[in-house]
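Everything on this sheet refers to the single structure shown next.
The values are calculated or read from the model by the stated rules, or taken from the named source; none is laboratory data. Fair warning: this is a prediction, and the values are worked out from it, not measured in the lab. Note that each Cβ is placed from the backbone with ideal geometry, even for glycine, and that neighbours are counted across all protein chains shown. Note: accessible area is taken over every heavy atom of the protein model, side chains too, but ligands, DNA and RNA are not part of it. Shrake-Rupley method; radii C 1.70, N 1.55, O 1.52, S 1.80 Å.
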Amino acid sequence: MAHDAPTEPIKFRHPGKGRGKARPTPKGRQASQNALDEVASLLGDRPRDRDLLIEHLHLIQDKHGHLSADHIAALSEIMNLPQAAVYETATFYAHFDIVREGETPPAPLTIRVCDSLSCMLAGAEELIGMLGGRHDEANVRIVRAPCMGRCEVAPVVEIGHNHVTRATTATIETAIEKGDTHAHAGPYVGLGEYREAGGYTLLQACIGDARTRDDIIATLSDSGLRGLGGAGFPTGRKWSLVRAEAGPRLMAVNADEGEPGTFKDRFYLETDPHRFLEGMLVGAWVVEAEAVYLYLRDEYPHIREILLKEIAALEGAGLSPHTKIYLRRGAGAYICGEESAMIESIEGKRGLPRHRPPYVAQVGIFGRPTLVNNVETLYWVRDIVERGPEWFSSEGRNGGKGMRSYSVSGRVKEPGVKFAPAGITVKELIDEFCGGMEDGQAFKGYLPGGASGGILPATMGDLPLEFGKLEEHGSFVGSHAVVILSDKDDMKAVALNLMRFFEDESCGQCTPCRVGTEKSVKLMELPKWDEGLITELGRCMADASICGLGQAAANPVFSVFKYFREDAEA
């Protein structure tokens, strides 16, 4: 099973030492004995290490439905951490409900309604309005939530920890009546079935020295495999760079796909998890990582259950003698999809992006060189090595190289994950893989790379959806999240929806992003847009923000001014 990683305990100066006399009573809020007993019981024999703070907060939240001031004080005392450190971490993440002293705890049942773009197109606003008038606030809480990674079956609602797809008031009421508040894993390829089909043969060859690390890297380089989480960095080169750093080394897997419109990693994890896990373990062997930290977004509770079970099974089968696997649970923060913010979260802290350099390949988790890969990148490692680099690299259109998994949602008849040649155009994707546009909808525009990748008009539907092909048009393909828009959609409303998402998900660390997204939303909510001021704000964010969130936040609004002038001036 997944382990809890040990780290050195933090030491504090005794209050009686140093300047002045010891206080007659302890300083700060004191936890009640009841809270101390409850938290100690929940933690059991789990380590009290600093990097497990978020995991322990989840235990309390899952048990009580919120985090009380008393429980925060108790956890602080038990983990030997300042209350400020616990509080600042808990308040950073959207999935932790903080109840301060004197406040009423939230209703026993929370219904989260996704209001990101694909769900908005599918009627999420109307659904929120109808739900608000049907439930007693004392018993049911209705809240808006960002993308849940199920854009192909929008609108999506989360009831407790269970998701209702293509949700209606009727299906939501039925789920509540049944008490259906826990996620359910569907059928998937388990360890036995995977090994019967040749699974883990490659890994065993690596561990048994029948393969060499240099050969694996060369094969991946020859295949053209790139990072498929958004940046597109060549995989073989990344593995070489990390391996060149002095050990000890670590590895992190980014399974926190929070980009609106992206759900491909979810698809692969919930259907064939061991193909990914084998690629992950091969990567750990190549860079000689002592441990692997698998960071999974909290919106995928059914996948967490799958991974807990299957990681325990593969460890029991002796398939990971060269490394340890630690499963980490996110807590509702899009920014943690940025690799350095994810590493901060893995260490049990707020997910604030780091300044670079140094890069995470040099100074990553606990200051060690760290290999960071996306789920889908690792998913293809086994097939590429076993079938040869040509199997992968020979595919592609319009100058693209390899195959890509496109998450397609919006105004098409058949949304979903489409495994298609790299460099395919959006028109080809719609016609050949998605059954065409929905009836009564005419193709107007598209997001080629999720919320960050800008919006392009239908007249540019013949551009290759591939790395490096869209940048000159103010766009990029990113994680290959393609959202299709029609003549029924107002591009100003689309851009405002995306900017609200960025405003909500900004970590707040840097002023250009924190203030820029907020002020942009206010300006974009006005009937008439002030193009000059909105553009100035957007350029400030792009030039001065620490990470890609703020740098790309204005891409959609820039696109509206550039390509949808009629909508912008309406």
Alpha-carbon Rg/Rh ratio, for segment 93-167, with Rh computed the Kirkwood way | 1.00
Restricting things to alpha carbons, tell me how big segment 217-309 is in terms of Rg and Dmax, in Å.
-> 13.9, 38
Any lysines with Cα under 20 Å of the Lys492 Cα? List them, leaving off those in the same chain fewer than 8 positions away.
-> Lys444, Lys519, Lys522, Lys528, Lys562
When the Debye formula is applied to the Cα atoms of segment 327-385, each taken as the same point scatterer, what base-10 log of I(q)/I(0) results at q = 0.14, 0.19, 0.26 Å⁻¹?
-> -0.43, -0.72, -1.08
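Say R0 is 56 Å: what FRET efficiency, to the nearest 0.05, do Glu196 and Arg539 get from their beta-carbon distance?
Calculated value: 0.50.
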Please report the base-10 log of the normalised intensity I(q)/I(0) for segment 487-527, using a Debye sum with one equal scatterer per alpha carbon and no solvent, at each q in 0.17, 0.27, 0.28, 0.30 (1/Å).
-> -0.45, -0.87, -0.91, -0.98
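If packing is taken as the average number of other Cβ atoms within 10 Å across a peptide's residues, how do 170-179, 469-478 rank, most packed first?
Per-residue mean Cβ counts within 10 Å order the peptides as 469-478, 170-179.
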Difference of contour (0.36 nm per residue) and Cα-Cα distance, Ser394 to His355 = 10.2 nm
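If the chain between Gln83 and Val143 were fully stretched, how many nm would it gain, using 0.36 nm times the residue separation less the Cα-Cα distance?
Stretched fully, the Gln83-Val143 segment lengthens by 18.8 nm.
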Could you give the semi-axes, largest first, of the ellipsoid that matches segment 359-472, computed as the square roots of 5 times the alpha carbon gyration tensor eigenvalues and rounded to whole Å?
-> 30, 18, 14
Values of log10 I(q)/I(0), in the order q = 0.13, 0.17, 0.26 Å⁻¹, for segment 261-311 under a Debye, Cα-only, solvent-free model | -0.33, -0.56, -1.10
In Å, what Rg and Dmax follow from the Cα atoms of segment 409-457?
-> 10.6, 29
Over segment 49-109, how many percent of alpha carbon pairs lie in each 10 Å bin up to the one with the longest distance?
-> 23, 61, 16, 1
Provide the three semi-axes, in whole Å and in decreasing order, of the ellipsoid equivalent to segment 308-349 as defined by the square roots of 5 times the Cα gyration tensor eigenvalues.
-> 27, 11, 7
Distribution output for the chain: share of Cα-Cα pairs per 10 Å bin in percent, first bin at 0, values 3, 17, 27, 28, 17, 7, 1, 0
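If I take all pairs of Cα atoms in segment 412-570, what percentage of them are more than 23 Å from each other?
In whole percent, the long-distance tail amounts to 37.
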If the cut-off is a Cα-Cα distance under 17 Å, which lysines reach Lys324, setting aside same-chain residues fewer than 8 apart in sequence?
-> Lys309
Binned Cα-Cα distance frequencies in segment 280-347 - 10 Å width, integer % | 19, 46, 32, 3
Sorted by packing (mean other beta-carbon atoms within 10 Å per residue), highest first, where do 522-529, 222-229, 246-253 land?
-> 222-229, 246-253, 522-529
Would you mind getting the accessible area per residue of segment 158-270, heavy atoms of the protein chains only, 1.4 Å probe, in Å²?
-> 43
What do you get when you divide the Cα radius of gyration of segment 238-371 by 2.2 N^0.38 Å, with N the number of residues?
-> 1.01
For segment 51-148, what is the accessible area per residue in Å², given a 1.4 Å probe and the full set of protein chains?
-> 41
Write down the accessible area per residue of segment 287-378 in Å², having rolled a 1.4 Å probe over the full set of protein chains.
-> 29
Roughly how many percent of the accessible protein surface of the chain is carbon and sulfur, given a 1.4 Å probe and a whole-percent answer?
-> 50
